[in-house]
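To start, the structure itself, in structure tokens.
None of the figures in this text is laboratory data; all of them are computed from the coordinates on show. Just so it is clear, the structure is predicted and the values come from calculations on it, not from any experiment. Here Cβ is always computed from backbone atoms with ideal geometry, including for glycine, and neighbour counts include all displayed protein chains.
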Amino acid sequence: MIKRIVIASDKFKGGLSSLEAGNAIKEGLLDYIAGGELKLFSSQPCIEVVEMADGGDGSGALFMRLVGGERVCCNATDALGESRSAEYIFSTKGIGADGVPTAFIEIAKICGLAMVPEHLRNPLNTTTYGVGEVILDALKRGAERIFLGLGGSATNDCGMGLLQPLGIDVGLGEGVFANGSNIKDMRLTEEAFAKVRELIGGCEFVIVGDVDAPLLGPNGSTYAFAAQKGADQRAIEQMEQQITALLKRLPPSSAGCAERVAEFPSSGASGGIGFILHYLFNAKQVSGFALFGNMLNNLREKIMAADLVISGEGKIDSSSLTGKVAGGVIKEVSALQNGENWGGRLWMFCGTSTLKEEPPIAMNIYQLSDIESDMAARMKIEGKLLRQLSYFAAMEMEMLM
């Protein structure tokens, strides 16, 4: 009998937030349980909705709700070089046993693609300068750990722009923002390394995100992501060539030679911000699932105690099986099943599924497209449809008993 249900859904991109999706699924289950003939479900199950994030949009707000702290406002340069108000989260107690002052910075809220009008989108012209300004503000406030949620940036400057407000010379003239067009003029010296060490002291930097792209190559920051930021093929080839040359000009850091660091997972995240964080800041990396699921929500323990686990996202495909929320849930359930410690069920809800390969574990996938095939129409009433789909899933499961 299903007595305990855990719902940990990702957001439905462009539509429902994680919490909205989870609550819609919960309401559909309760609708069926209130009036259905129950063999499988308890008449009074414990249903817990666990709000999740992946490091992108909404991650800072969730971090604040789970950890505490406050929103801090400061001026920061946006992707197009204009000064505007920005915010980040600061917690004096942080997370974990050490409880050090901690900041959470969402890149998308500083130099995000969604902040740039469509006709102005072009990574040749966008900069990460403002990210450095926010980092500097957090350091001055006393941050000893800084989480940076990578994803959704409008930039492709290898993160060199964020070094400039920190007082680090990247080889450009005074007042010139680093961007995708002047990579050929960028450089760093040993003096820059000393400046970084002096500035950050013992502050720990942590990359939060599910992008495992290297800096270069077909799956790297430029070839994989620059087109959606407004770059044409000529600009893409120009930036790839210039980044390749830049790496050869950069001296080795404590993380290794620049070309080796460029191969690190997440070096290609947010137009190469991941690269500079690994290369100069010795950043660690954690997936959004690991941070918001297990570190802050104790999700592994909740899954272990559940009879039914539900996750989902807007589109389930091969990438869903990797670092995203759905993939994290699948990984946790798979580990429990392989250890023969868990006999529960796993459901996935989505707008549509294009998953071709066999998932690593048995699960039921339910698609909103089976109710409404037109995506534009579906997105207008996504919550209502997800509630209906959850009802039908419960009814189907009971009928199969």
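Any idea what the relative contact order of the chain is, in percent, if you count C-alpha pairs under 8 Å spaced at least 6 apart?
19 percent
For residue 186, what residues show an amide H to amide H distance below 5 Å, using hydrogens built from the backbone and excluding near sequence neighbours?
Under 5 Å from the amide H of residue 186: no residue qualifies.
Do any trypsin sites (Lys or Arg not before Pro) in the stretch 1-51 lie in a loop, going by DSSP, with at most 13 other beta-carbon atoms within 10 Å of their beta carbon, and if so which? Walk me through the numbers on the way to the answer.
Values: sites: 3, 4, 11, 13, 26, 39; in loops: 11, 13, 39.
Those satisfying the criteria are 13, 39.
Compute the whole-percent fraction of alpha carbon pairs in the stretch 275-401 spaced more than 22 Å apart.
So the pairs more than 22 Å apart make up 46 percent of the total in the stretch 275-401.
In terms of modelled amide H atoms, which long-range or inter-chain residues lie less than 5 Å from the amide H of residue 47?
Under 5 Å from the amide H of residue 47 lie the amide H atoms of 5, each far enough along the sequence or on another chain.
For the stretch 59-286, what is the relative contact order in percent, using Cα pairs closer than 8 Å and at least 6 residues apart in sequence?
Reported relative contact order: 19 percent.
Pop a pseudo-label 7 angstrom from the Cα along the beta-carbon direction at both residue 237 and residue 224 and give the gap in nm to one decimal.
2.3 nm
Work out the P(r) tail for the stretch 59-286: percent of alpha carbon pairs separated by more than 26 Å, whole number.
Pairs farther apart than 26 Å: 29 percent.
Along the three principal axes, how long is the stretch 330-401 when you take its alpha carbons, biggest first, rounded to the nearest angstrom?
For the stretch 330-401, the Cα spread along each principal axis is 43, 27, 17 Å.
Please list, in order along the stretch 281-289, the HN-Hα scalar couplings obtained from phi with the Karplus expression 6.51 cos²θ - 1.76 cosθ + 1.60 (θ = phi - 60°), rounded to whole Hz, x for Gly and Pro.
Values per residue, Gly and Pro as x: 10, 6, 5, 8, 9, 9, 6, x, 5 Hz.
May I ask you to list the GluC sites (Glu not before Pro) in the stretch 13-106 that are in a DSSP loop and have at most 12 other Cβ atoms within 10 Å of their Cβ?
37, 82
How much length is gained on full extension from residue 120 to residue 376, taking 0.36 nm per residue of separation minus their Cα-Cα distance?
Between residue 120 and residue 376, full extension yields an extra 89.6 nm.
Report ³J(HN,Hα) in whole Hz for each residue of the stretch 150-167, in order, from the Karplus equation J = 6.51 cos²θ - 1.76 cosθ + 1.60 where θ = phi - 60°; Gly and Pro get x.
Here the 3J(HN,Hα) series is 8, x, x, 7, 9, 10, 7, 9, 6, x, 5, x, 5, 6, 4, x, 7, x Hz.
Output wanted: per-residue J couplings in Hz (rounded whole) for the stretch 211-221, from phi through Karplus 6.51 cos²θ - 1.76 cosθ + 1.60, θ = phi - 60°, x for Gly and Pro.
Calculated HN-Hα couplings, in order: 8, 9, 6, x, 6, 10, x, x, 9, x, 4 Hz.
How much of the DSSP beta bridge set in the chain is antiparallel, as a percent to the nearest 5?
Expressed as a percentage, antiparallel bridges in the chain total about 30.
So the label point goes 7 Å from the Cα of residue 185 along Cα→C-beta, right? Which residues of the stretch 130-174 then have their backbone N under 14 Å from it?
What the label zone holds, given the 14 Å backbone N cut-off, is 161, 170-174.
If you restrict to DSSP beta bridges whose two residues both lie in the stretch 1-151, what percentage is antiparallel, to the nearest 5?
Details: 11 of 21 bridges.
In the stretch 1-151, DSSP labels about 50 percent of beta bridges as antiparallel.
Nearest 500 deg cm²/dmol is fine: what mean residue ellipticity at 222 nm does the chain get from its DSSP H runs of n ≥ 4 alone, each adding -39,500 (n - 2.57), divided by its residue count? Walk me through the numbers on the way to the answer.
Values: 13 runs with 134 residues, N = 401.
The helix-only estimate for the chain comes to -10000 deg cm²/dmol at 222 nm.
Of the listed values (i) 22.5, 73; (ii) 21.5, 66; (iii) 24.0, 77, identify the label whose number matches Rg and Dmax of the Cα atoms in Å calculated from this model.
(i)
Lys and Arg at +1, Asp and Glu at -1: add these up for the other residues within a Cβ distance under 13 Å of residue 193 and post the number.
Net of charged neighbours comes to -1.
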